[in-house]
Amino acid sequence: MRLDLPQGTLDLLILRTLALEPQHGWALSNRIRQLSSEAVLIQQGTLYPALHRLERRGMIRSRWGPSDNNRRARYYELTKKGFRQLEHEVANWQQLATVVAQVLNTV
Amino acid sequence: MFSDIRYRIRALFRRDLMETELAEEIRLHVEREVEESVRRGVGPDEARRLARLALGGQEQVKEECRDARGVALIRMLIQDLRYAARLLRKSPGYSGAAILTLALCIGSTTAIFTIINSFLLRPLPVYQPDRLVGIRELRVDRPIPFLDPYAWEQIRNRPNLFESVCGWTQTRFNIAERGQADNVEGLGVSGEFFETLGVPAMLGRMFTRADDRKGGGPDGPVAVISHGFWQRRFGGAGNVIGRTVSLDRTSYIIVGVAPPRFFGAEVGRSFDVAVPIAVTGTASWLYVTARLRPDQTPESATAALRAAQPQIREAALPKAVAAGATANLYLSQPLSATPAATGQATGSTPLRDRFERPLWAMLLLAILVVLIACANVANLVLARAVARRHELSVRRALGASGSRLACQVLAESLLLSVIGASLGLVMAGVFSEVLVGMVSSATSPIFLDLSLDWRVLGFTAAISVGTALLFGLIPALRAARVQPQAALREGGRSQASAKRVGVNHALIVAEVSLSLILVVAAGLFVQTFTGMATTVGFDQGRTLILRLNANDAKVPPAARPALYERVRQAVATVPGVSDAVTLRTVPVSSDHWVANVMVSGYPPPAAAEAPTFLNAVGPGYFAVFGTPILEGRGFAAEDRSGTPLVAVVNETFARRHVGDRSPIGETLTFGETGTYSPPFRIVGLAKDSGSAIYFGLREGIPSTVYLSIGQMNPEIANFAPPAAFRVAVRFAASSPAALARAAAVAVNRIAPDMRVDAKSMASYVRDNIATERLTAMLSGLFGALSLLLAAVGVYGVVAYAVMQRRSEIGIRLALGASPAEVIRMLLIRTARVVGVGLAIGGAISFWTSRFVAALLFGLEPRDPATFASAAVVLAAVGLLAGWLPARQAARIDPVSTLRTE
């Protein structure tokens, strides 16, 4: 089964994946797919607007570099602000997940 | 935040680079996806299909990325503006007409606002102007903005009241040694003046308290000159410090030059030379400006001042009473500190009080003209929108949203108004200079720093956006409602839409009604002006006033009347002079002589009544100043020193003092409490005339007593001959300037050192009614402009209707309608619309005209004749503007229209 992403979680996944190492767009989408055991369906089309938005907000920055098979590719990496944001959002998410689980279990 | 802005700026200005980068990024993604699939064994074509499927529409992804950059709106606006610019360039006639109309109207509005800004809103160009206050004395009836020198001395001796305090007066110096006068604007200031205002010297030094002593300080009499005077008189010479300037025959050493933008402490005036006040002699009153300590407010300063006031007044009382003050009044009138950040009001009728209301009224009229211009431009834009209907509906069919089309039409309006406003801003610079020049004169100059600032720019920006919305909104909304199928259905054929006609008529109604308001205003203000100009009632154009001072000839007071007469005779011999009379006070000059007057045997008039004005005049005065003697006689050469004292009174005086009886033969005395003159016998009754008015012409003719200047004598109480006297010259030929030169030569022949300051009587009157001239000229201009705009508006709408109904009219003509019937048909429609506009405009004018009642003179704000003639003029203009295109319609060739059907 493939899961649809709840609103706003794509940004979180992108930040988390980029925290490991700088990636270009296609590799990033692949990586998210692998890390989520193919369970998350990312519309590839939504990835790029999200990247541009994150860059505008200063969470990530981009630079051009050679890709694995020696083509020019645009690499995205986390900024300091991005790391802070990631920490913050991870904490938020975990708190939310706990609370939701708690509610679901008690009712 | 900062990175965000940097990113957006990059997105805006490096758009091409970002576009290629985006395209490359997407391309790489697709290629890698395809390679991956091929590696897994999918066929190349199928792999490409899958990759495209996984990504979604490429253009859509790109568009979303562009949106994510956060500049989509701005980008769209720029695109729309570019498109609008292309359209405007394509039809220069249309754009030119719209831009010129807007520029003219926005320009005149901005010009008036520029003056209001410089005059009323802008702070003084000094250090922290909001900490300045002016000290006023609150009298029973009104506050007066000046203090007597004794109270000032006491305030100055109490350094704890304020951070610092200074006193100053305005004066005028004659820098000529003899002959024709050469006047410069002067300031008499206390030593603390420049320090209190926080104005550093540009060159040299400013004054210190040490300079402010009788006879001068360590450097003797010193002067600080303004930047403008330094440029004009000394050519900006660097060695000006240490040079001397002669003011009223006293030599001053120039010690400093003030910075360029500093003009003094009052807005509207400027100075050439400032000198320490103690050097020029004691002033009888002065303006007092204080700088508050940082912790003080005007209220706390007023409280401190009031607390110290009893001691201040007690200490100043002996000298003040000796100078004529009434003790109990003097002690009771409270002092107060009023904010003076935007300059200090001076004089009995401060410039601000004279100009504030007229200026705001004119701004309002100018805005009405802008509204009419908006209606006109809206008409143009609408007509174009109809022409572009086809294009708009095609765009709609191709997927543009209604709001997108509206934005495009609005962008065009915005572009028009911004270009118009920028041009208007340039015009405003010129207009405002011209306007100030109109109310200023050589003898009472008005100076305003008219440079642009953020307030003026903000005002113009607001007007330009406001107008764009006003004239662009209806066409924009209309564009938004264009249906995609409209282009197909109409098949390109034009059709008159009933709605469009409705909007057109509404615009004409608006234009005509606004126009009527402006024409009525123009009528009222112009009649006020002409009424006041003729109130004076004598030939101002042919009368020249020579201002002289007996001290120049160094004669003792007792010999002054003889000197007056010698000077008068010298002037009378100048070729071209038909009359020359001496007088103490010039009518409408604001110079005056008032006193309490009592007629023996009659009760004195109530204390609340206005005092009587006095003047001392020579024989011939009544003829020159258009004041017929109704009873008895005027003055003769025999009324000189040693003969029985005589007086002539005017009708108002007679009514007030002796009622219905004849005043001839009665005796009067005049003076202040305690000191009265000996009795004067009334020998003549003069007609009430405008020449008895010394202040504002709207104030009416006051009670007046004329005395013989030849009888003036230092021995007689209240009747000493003054040093300053005037000779009024009536001349037949030659120009006032040539006459002034010849008169100066003639005077110098008998009194070699005498200086002669000439001013035409007409310019006295001009100065007196400067505000009325300003309002009359401006409202007249606006009225004419609005008539023109309304005419163009009506013409445009009727011409458009004719174009739309061309075939219909052709058919009517072909079926036998006469050209006259066609014209009548079109005109009746126009007349109805114009009539509605007149009715609405008339009602609004009727209701609002009372707000300008205070600015009018000699007629009611609802003057029926003015209203009626304004309506007639506007109706005539409207019908003429409608008749021109209607006549064209009547000439339509029925055959040719039928052929195009």
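No lab work stands behind these numbers, since they all come straight from the coordinates. Everything quoted here is computed from the prediction, not taken from an experiment. Cβ: placed from backbone, ideal geometry, glycine included. Neighbour counts: every protein chain shown.
A few points about this structure:
- Built amide H within the under 5 Å cut-off of B:S760, gap 5+: B:I545
- Each of B:G191, B:P318, B:S440 was placed along the dipole of the protein assembly as shown (beta-carbon charges, centred on the mean Cα), and the one lying farthest toward the positive end is B:S440.
- For the stretch A:1-99, GluC sites (Glu not before Pro) are listed when DSSP marks them as loop and at most 15 other Cβ atoms sit within 10 Å of their Cβ; the list is A:E38.
- Per the Debye formula on identical point scatterers at the alpha carbon atoms of the stretch B:535-591, with no solvent, log10 I(q)/I(0) at q = 0.15, 0.21 Å⁻¹ is -0.54, -0.94.
- Counting 0.36 nm for each residue step from B:T534 to B:L77 and taking away their Cα separation leaves a gain of 158.7 nm.
- On Cα atoms only, tilt of B:72-90 relative to the major axis of chain B in degrees: 80
- Each Lys and Arg Cβ is given +1 and each Asp and Glu Cβ -1; about its Cα centre, chain B then shows a dipole of about 2340 debye.
- Global form of the stretch B:761-813, assessed from the alpha-carbon gyration tensor, a/c cut-off 1.5: prolate
- A cut-off under 15 angstrom between Cβ atoms defines the neighbours of B:P752, and their net charge, with Lys, Arg +1 and Asp, Glu -1, is +3.
- Full extension of the chain segment joining B:L859 with B:I750 gains 34.3 nm, where the gain is 0.36 nm per residue of separation less the Cα-Cα distance.
- Kirkwood Rh and Cα Rg combined as Rg over Rh, evaluated for chain B: 1.11
- Given B:K554/B:K759; A:K81/B:K62; B:K687/B:K759; B:K214/B:K759, the pairs whose alpha carbons are separated by over 28 Å: B:K214/B:K759
- Here the stretch B:423-441 and the stretch B:203-260 have alpha carbon centers that stand 32 Å from each other.
- Cleavage-rule hits (trypsin sites (Lys or Arg not before Pro)) in the stretch B:626-691: DSSP loop, at most 11 neighbouring Cβ within 10 angstrom: B:R661
- With the convex hull drawn around the C-alpha atoms of the protein assembly as shown, the volume per residue stands at 296 Å³.
- Once the Cα-Cα distance is subtracted from the 0.36 nm per residue extended length, the B:L473 to B:R681 segment shows a gain of 67.2 nm.
- 0 to 90° range, to nearest 10: angle between helix B:864-890 axis and chain B longest Cα axis: 30
- Environment charge of B:V409, counting only residues whose C-beta is closer than 12 Å and scoring Lys/Arg +1, Asp/Glu -1: +4
- Taking the helices alone, chain B has a mean residue ellipticity at 222 nm of -17500 deg cm²/dmol, built from -39,500 (n - 2.57) per DSSP H run of at least 4 residues and averaged over all its residues.
- Kirkwood-Stokes translational diffusion coefficient of the stretch B:314-376, alpha-carbon pairs, 25 °C, 0.890 mPa s, µm²/s: 152
- Over the stretch A:9-106, equivalent-ellipsoid semi-axes from the Cα gyration tensor in Å: 27, 16, 11
- Under a model in which nothing but the beta-carbon of Lys, Arg (+1) and Asp, Glu (-1) is charged, the protein assembly as shown shows a dipole of about 2780 debye around its Cα centre.
- Under 5 Å, built H, 5+ apart or other chain: amide partners of B:R293: B:E163
- Mean separation of Cα contacts under 8 Å (6+ apart) over length of the stretch A:9-106, as relative contact order %: 30
- Debye, to nearest 20: dipole size of the stretch A:9-106, +1 on Lys, Arg Cβ, -1 on Asp, Glu Cβ: 460
- Ratio Rg/Rh, restricted to the stretch B:778-901 and using Cα atoms, in which Rh is the Kirkwood radius: 1.15
- Computed over chain A with a Gaussian network model linking Cα atoms closer than 10 Å, the most mobile of A:R53, A:R71, A:R61 is A:R71.
- Local net charge near B:W168, Cβ-Cβ under 15 Å (Lys/Arg +1, Asp/Glu -1): -3
- Here is the list for the stretch B:245-297: trypsin sites (Lys or Arg not before Pro) lying in DSSP coil, each with at most 15 other C-beta atoms within 10 angstrom of its C-beta, are B:R249, B:R261.
- Across chain B, the relative contact order, built from alpha-carbon pairs under 8 Å that are at least six residues apart, equals 15 percent.
- Rounded if a/c under 1.5, otherwise prolate or oblate - the stretch B:656-774, Cα gyration tensor axes: oblate
- Rg to Rh quotient for the stretch B:426-485, alpha carbon positions, Kirkwood Rh: 1.33
- Global form of the stretch B:1-131, assessed from the alpha-carbon gyration tensor, a/c cut-off 1.5: oblate
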